[in-house]
Amino acid sequence: MVVVEPRIGYERLLDAMTEWGISMCSGVTGGGLVHLLKQMDPYVPHRARTEQIEFFTVGEYVAGFVPLGHYLATGKIAAAAATTGAASKLLLCGLSDAKLHNIPAVYLIAATPSSMAFQSPLQDTTESGSNMIGQLMAELPEGTFVLDDIASLDEQLSAAWDQLNQSKPVALVMPPDALSEMTSHSSEKGMTLSHRDEVGHESLTALFQRHLSQRRTGRIVVMAGDEAARYPDMLYLTSRLCEVLKAPIVWSINGANAVSRDNPYAHGYLGFGGNDRATELWDSLNERDMLITIGFCADEYTANFSPAKAGLVWNITANAHLYGSAHGSFRHQVVGEFLQTVGDVEEILRETILWCQAHPQVCNEDSPRYSDLNVGTCGRVHGNAVDIVAFYEKLDGLWQPDSLGFDDVCLAYKDRQYVTQRPHPHAKIYSLYRGSAMGGAYGLGLGAKIASPGKHVFVFSGDGCFRLYGGCLVEARQLGITLFVLDNANYGIVEQGLSKILPHTPARRYHGELERIDFCAMARACGWLSVRVSPDLSNLSDIMREAYRRDRPSMLVEVPVDSHQVVGPNPRLKNL
């Protein structure tokens with residue numbers, strides 16, 4: 001036990017964040033933050049990192065997503081901060097995606113002292129003003145901590161750490177009066193983020209004997225959900241599991257990062273922009289089948305409200321209380337029996353593979369294998385635009401090792417997976433689709449590059465998304481990221497969808513048209529490199545060579561596309 005000298009509340013808060021492994025905070029300074037931020041060094045690109053927390057100044061909307069990209073790149077928690085008032089509303093768009101995608105992150109929110117209620121202070125966050133705490137409690141009832149009592153500060157920080165351990169974000173609300181008081185505490189240094197439990201071998205053995213000891217009349221199918229992508233050995237483990245079971249595998253858009261490209265049992269991406277073979281397999285599940293899910297993932301984007309119709313669904317997870325669960329279970333999203341094993345996911349899979357190797361009679365008798373995971377055709381391009389199918393096909397052959405990409409809420413997060421069909425061994429690509437926060441991918445890219453400067457970071461965004469972060473280009477000019485902007489002067493997904501949902505409504509009433517922007521000129525004005533992809537893709541190879549060059553400024557790549565070229569499927573249209 002290490003006894004620490006008395007410190008003010010702000011200093012104790014920073015101590016806790018350091019103990020949690022946080023080394024980066026993003027946001028914009030202001031009156032409610034100055035006594036916290038004065039103890040942080042400014043972030044400087046290309047400078048050796050230290051153990052101290054550094055502050056990266058960038059607009060609040062972008063800043064709210066920075067911790068998410070930081071975590072996806074490294075598995076390490078980061079923070080974002082907003083001063084009193086409207087700033088928090090911008091920052092907390094990122095918090096919503098952190099909740100919806102089970103990403104631990106810390107949001108530091110300055111607050112008006114409660115004693116100022118009904119006194120009309122500037123940026124009033126009390127009940128008489130924006131009632132910010134009430135709004136936060138509504139979204140994060142267990143993850144909102146109001147640090148207004150110095151005597152209970154350590155207790156609250158301990159409870160916040162518990163939430164982070166469950167892959168959940170926390171909001172730490174900071175009234176300045178309480179945190180300016182002196183406190184003392186004792187703690188043990190060196191905490192690490194881990195929420196994996198020991199595997200219950202006895203219960204696993206019972207499950208194996210009941211469900212994996214005799215030949216089934218139906219199939220065994222594997223699904224890699226978003227959670228699966230967070231474990232380092234998952235590419236090997238999913239391949240081995242499919243091999244010993246002769247089981248087809250499908251995956252969510254982020255779960256793709258847990259599947260090897262050369263897995264012969266691959267059936268593809270599920271759902272929005274998904275592959276035809278994956279959809280066909282999911283729809284064909286019946287009461288005789290067993291579905292093994294590595295991180296159950298049946299949100300609207302992935303399953304389009306189509307429950308898993310297998311007779312038995314066995315979910316393997318490190319955390320029973322992830323987003324979408326009800327009382328620690330996904331039973332409400334399956335038709336048949338639902339079983340769940342909570343523990344070290346990789347160890348559970350190793351035990352399962354060993355059991356199945358020893359009981360070969362359990363494997364599928366036959367599982368179809370496909371080289372092409374689609375049966376449909378893609379639409380043609382019109383006008384002087386890039387053929388998005390040819391673009392993604394060519395790009396797929398140009399990835400180099402240590403590439404990390406983020407798809408924004410635009411045609412990029414619908415079309416890429418349909419065209420490429422399988423994940424690439426050199427490029428992990430993520431999409432935070434559940435909140436559909438346009439423009440969020442830019443902050444993800446910044447957070448990832450700050451966290452892991454050695455990675456090559458790519459962001460795929462739309463011209464509509466760009467409008468939410470375009471004013472923050474200059475802050476990233478030295479980071480060396482590559483930003484592809486798909487330019488069709490339209491909210492492309494809306495345009496494509498409404499032509500089917502409202503076929504008799506004039507296109508002008510879709511309200512999807514956008515004014516043209518010279519994206520390359522904007523980028524150059526902010527100190528970026530910029531280039532426009534030729535419609536015939538003749539310069540794409542050169543562009544990617546430049547993208548992989550070290551020690552260059554960030555680069556914007558404008559891609560002229562056609563919103564009328566329909567590629568990936570949009571199952572949501574049936575709901576609308």
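Here are some notes:
Okay, residues lined up against (1) closer than 26 Å to R380 by Cβ; (2) free of Cβ contacts under 8 Å to residues at least 24 places away in the same chain; (3) of a type in the set (K, R):
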site: R477; (1), (2), (3): no, no, yes
site: T482; (1), (2), (3): no, no, no
site: D487; (1), (2), (3): yes, no, no
site: P506; (1), (2), (3): yes, yes, no
site: L529; (1), (2), (3): no, no, no
site: V533; (1), (2), (3): yes, no, no
site: N539; (1), (2), (3): yes, yes, no
site: R552; (1), (2), (3): no, no, yes
site: G568; (1), (2), (3): yes, no, no
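- Matching residues, the range 384-404, being in a helix (DSSP H, G or I) and β-branched (V, I, T): I388, V389
- Close Cβ contacts (under 6 Å, 6 or more residues apart or on different chains) running from residues in the range 386-401 that are assigned by TED's automatic domain parsing to the domain that holds F458 to residues that are among the aromatic types (F, W, Y) and assigned to a loop (DSSP other than H, G, I, E, B) comprise Q400/Y548.
- Checking the range 453-461 against the condition returns no match, with no residue being at pLDDT 95 or above, over 20 Å from Y392 (Cα atoms), crowded, with 23+ Cβ neighbours inside 10 Å and in contact with a helix residue (DSSP H, G or I) (Cβ under 9 Å, 6 or more places away or on another chain).
- L446 at pLDDT 95 or above, surrounded by 18 or more Cβ atoms within 10 Å (Cβ to Cβ), assigned by TED's automatic domain parsing to the domain that holds G527 and in contact with an Asp or Glu (Cβ under 7 Å, 6 or more places away or on another chain): no
Each row is one residue, and each column tells you yes or no for (1) out of contact with any strand residue (DSSP E or B) (no Cβ under 7 Å at 6 or more places or on another chain); (2) hydrophobic (A, V, I, L, M, F, W, C); (3) buried (at least 17 other Cβ atoms within 10 Å of the Cβ).
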| residue | (1), (2), (3) |
| --- | --- |
| Y61 | yes, no, yes |
| K89 | yes, no, no |
| C93 | yes, yes, yes |
| K99 | yes, no, yes |
| L108 | no, yes, yes |
| G129 | yes, no, yes |
| T144 | no, no, yes |
| S158 | yes, no, no |
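- Inter-residue pairs, beta-carbon under 7 Å, first in the same structural domain as L14 (by TED's automatic domain parsing) and within 24 Å of P42 (Cβ to Cβ) and in the range 77-106, second among the polar types (S, T, N, Q) and assigned to a helix (DSSP H, G or I), 6+ apart: A82/S88
- For N131, the conditions (1) at pLDDT below 95; (2) of a type outside the set (S, T, Y); (3) touching a helix residue (DSSP H, G or I) at 6+ places or on another chain (Cβ under 9 Å) are fulfilled apart from (3).
- Qualifying residue in the range 238-248 (condition: touching a Lys or Arg at 6+ places or on another chain (Cβ under 9 Å), surrounded by fewer than 24 Cβ atoms within 10 Å (Cβ to Cβ) and in a helix (DSSP H, G or I)): yes
- Complete set of residues in the range 280-317 that are within 18 Å of S431 (Cβ to Cβ) and not aromatic (F, W, Y): G295, C297, A298, D299, E300, T302, A303, N304
- Options R350, R380: the member that is of a type in the set (K, R), modelled with pLDDT under 95 and out of contact with any Phe, Trp or Tyr (no Cβ under 7 Å at 6 or more places or on another chain): R380
- Selection status of Y433, in contact with a helix residue (DSSP H, G or I) (Cβ under 9 Å, 6 or more places away or on another chain), hydroxyl-bearing (S, T, Y), part of a loop (DSSP other than H, G, I, E, B) and not assigned by TED's automatic domain parsing to the domain that holds V259: yes
- All of A476, A412, A390 fail the test of being farther than 27 Å from N275 by Cβ and not charged (D, E, K, R), apart from A476.
- Check on S260, modelled with pLDDT of 95 or more, of a type in the set (S, T, N, Q) and part of a loop (DSSP other than H, G, I, E, B): yes
The values are calculated or read from the model by the stated rules, or taken from the named source; none is laboratory data. Note that the structure is a prediction, hence the values are computed from the model and not measured. No Cβ is skipped: glycine too gets one built from the backbone with ideal geometry, and neighbour counts run over all protein chains shown.
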